[in-house]
Amino acid sequence: MTVGDGRMEAFRSEVGDSGAVCVRGGATRWGVGGGSAGAREVSAPVGIMALEPAEMTVMVGAGTTLTELAGELAVHGLEVGMDGPQGSTVGGALAVGRSALRRRRVGQIADVLLQADCVGADGVAFTAGGPTVKNVTGYDLCRLLVGSLGTLALVGRVILRTRPVPVCSVWLAGEVEPDLVLEATYRPASVLWDGARTSVLLEGHGADVDQMVETLARLGLAAAEPPVLAPGRGRWSGLLPDGGVLEVGAGVVHQPDDSGPPIVSEGVLNLAARMRASFDPSGRLNPGRDPYSRAA
Ligand SMILES: Cc1cc2nc3c(=O)[nH]c(=O)nc-3n(C[C@H](O)[C@H](O)[C@H](O)COP(=O)(O)OP(=O)(O)OC[C@H]3O[C@@H](n4cnc5c(N)ncnc54)[C@H](O)[C@@H]3O)c2cc1C
């Protein structure tokens, strides 16, 4: 893939090698993990740099909005398995690390990222991962970066795995146990349960989807609008809070307010602190944020 522009070099130079700094994306989740604590804000490069439909990959500036990327990919019948509110950027979605609601079909967000061109705390550019799917030797740095809230490195450009947009897509809902819905369907994109009603998103080729719709109709499910989910998140503990909706199979509960931070063992917290200190000894990357202090 050829890039041939100076956008990464300009980003590296903007990040520099001293002073507290963070990337501001669409700021749709700006307070996450503690906020920016007055760190200098920089922007990641914007734009699609190389689209390789045959390779099913796209190279894109991390500051590009998910909407712009989706629009460009749709022309080729492709998409990436990422989601976020209006205005959110590729880099922000990766740094926050929430998987899409359709994760049962499109996969976890960590699986979308093949390569990340970053600037480290020392102001030096480095590349994690590689442009092809089977590329990892040694530690998988791309996976570390997803969900790290920009505390390990600042991401300027990425190569993402793309996938075909499903030909057919339909939401159904009914007062049926989610287990029955799972037994009756093949790879539903999403299964949601509000304690009484199960909603399911079916995607795929028309004939396959039609067949599953018929099967589910016999169980009592009918076509429905996509469910509107509350903005907060929590971990499934076996009980649904008021107004909560369980993302079945993901262990995530969409609820009116975020739950508190997840319980993480002391050993993991110690390891994470050592890792952060080794990536960023002077503590200049997103100093106000702690990926472990936020809701699930
Ligand atoms: C189905 C779904 C629904 C969602 N709904 C919501 C919702 O309703 N509300 C919500 O707030 N979120 C939601 N999210 C999470 C969403 O993915 C993120 O909020 C959003 O994508 C963050 O993008 P942003 O550009 O606005 O990031 P920002 O808010 O700008 O930044 C968030 C964090 O990422 C860091 N960051 C940004 N860009 C980079 C970069 N290039 N390199 C390193 N670090 C970087 C920032 O420094 C900060 O720590 C949802 C996600 C999914 C999958």
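For the reader, a short list of remarks on this structure follows.
- Accessible area expressed per residue, the stretch 1-155, with surrounding protein chains retained (probe 1.4 Å, Å²): 44
- Theoretical ellipticity at 222 nm over the chain - DSSP helices of four or more residues, -39500 (n - 2.57) apiece, nearest 500: -6500 deg cm²/dmol
- In percent, rounded to a whole number, the relative contact order of the stretch 7-164 is 27, using alpha-carbon pairs under 8 Å and six or more apart.
- Measuring nothing but protein heavy atoms, the accessible surface of the chain at 1.4 Å probe radius is 53 percent carbon and sulfur.
- Of the residues V75, P262, S190, the one whose Cα sits farthest towards the positive end of the charge dipole of the chain is P262 (charges of +1 on Lys and Arg Cβ, -1 on Asp and Glu Cβ, taken about the Cα centre).
- Only Cα pairs under 8 Å and 6+ residues apart enter the sum, and on that basis the relative contact order of the chain stands at 20 percent.
- Less than 5 angstrom separates the built amide H of L78 from those of V165, all sequence-distant by 5 or more or on a different chain.
- Taking the Cα centre of the chain as reference, the dipole from Cβ charges on Lys and Arg (+1) and Asp and Glu (-1) amounts to some 640 debye.
The values are calculated or read from the model by the stated rules, or taken from the named source; none is laboratory data. No experiment lies behind these values; they were computed from the predicted model shown. Ideal geometry is used to build each Cβ from the backbone, glycine not excepted, and the neighbour counts take in all protein chains shown. Quick note on the areas: whole protein, heavy atoms, side chains included, nothing else; ligands and nucleic acids left out. Shrake-Rupley method; radii C 1.70, N 1.55, O 1.52, S 1.80 Å.
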